Amino acid sequence: MKKFVYLLVISALLFQNADAQRRKQTIKWFSIAAKVGYGNSVLLNIDNIDDGNVSFNYLTPSLSYGGRFTFTYGEKIGFGADVLLSSFGQQYTIDNNSDIYEKELKIKSLDILPFFRYSGEKGGYFELGGKFSNIKSMAVTNSISNPNPPFRPTDNLAANYTSKFTSLVLGSGIAVYKNERLDINLGVRFAYSFTDFTPGYSYNIVDDGYYLPTKDIITTTNPLSIQGILEVNYYFAFWGDATCGKGRLMLFK
């Protein structure tokens, strides 16, 4: 009898401890977000910047929009990916022997951004990741229509640039609204590509047949942007414990 009572007490303690451990398990959250970013775009090239006849616009607009999926372990550690459509480029003001005109390279891309995200207790966050960009279209516009000599043809402009490039992404921000199911976040995101956008210094957009730089391009062209980010994040499910003790995905109703 004593052995039976002893075993019963031990079993009860083990069950209580196991139940307590289950209750202490960290919840895994699943969320989706709609997001938009707006900021500047720069195609950094030292030779263009140093050209005394070329004014470089560091505030050329950039826009990105799309969505993201995030898996969050507990309240702080998150992993996910953005899928974004982006437009960016570079604006120049060129002085060709006192004939001043505007030139703009316009680019559209599909971007995939895997990231790690750390969220603080007060709603702030920090993110680190990469951006894999695939160029979808390119175009050049000029403010003069009939230069003499004429501009070089740009029918196959994209052939002069890499079709894919990779960037390092850093971001931070804060939740301006937050409840159990919804976050509205404002942040800033910095992206810089170490990829040469014109491989082998093979192309110079300002060398267009009308304006001829005195110096050949011998430096890389590296896309850079800094954007303000607005995202609306919705938690649609979590990984929790079923009554049998096994974990399962539970969708919010």
| Identity of the residue in the range 121-162, free of Cβ contacts under 8 Å to residues at least 40 places away in the same chain and small (Gly, Ala, Ser), that ends up nearest to Glu180 (Cα to Cα) | Gly130
| Ile100 versus (1) in contact (Cβ under 8 Å) with a residue 12 or more places away in the chain; (2) part of a strand (DSSP E or B): which is the lone unmet condition? | (1)
| Hey, Val140 closer than 22 Å to Gly89 by Cβ, at pLDDT 95 or above and within 16 Å of the chain's Cα centre (by Cα) or not | no
| remark: Inside the range 142-183, the number of residues satisfying the requirement of being more than 17 Å from Tyr125 (Cα to Cα), hydroxyl-bearing (Ser, Thr, Tyr) and surrounded by 14 or more Cβ atoms within 10 Å (Cβ to Cβ) is 4
| task | For the range 167-182, indicate whether the set of residues that are acidic (Asp, Glu) and either part of a strand (DSSP E or B) or modelled with pLDDT of 90 or more (or both) is non-empty. | result | no
| message | When you check Phe79 against the structure, is it surrounded by 14 or more Cβ atoms within 10 Å (Cβ to Cβ), under 25 Å from the mean Cα position of the chain (by Cα) and of a type outside the set (Gly, Ala, Ser), yes or no? | response | yes
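The values are calculated or read from the model by the stated rules, or taken from the named source; none is laboratory data. Since this is a predicted model, take the numbers as computed values, not measurements. In this analysis, Cβ positions are derived from the backbone assuming ideal geometry, glycine residues included, and neighbour counts consider all displayed protein chains.
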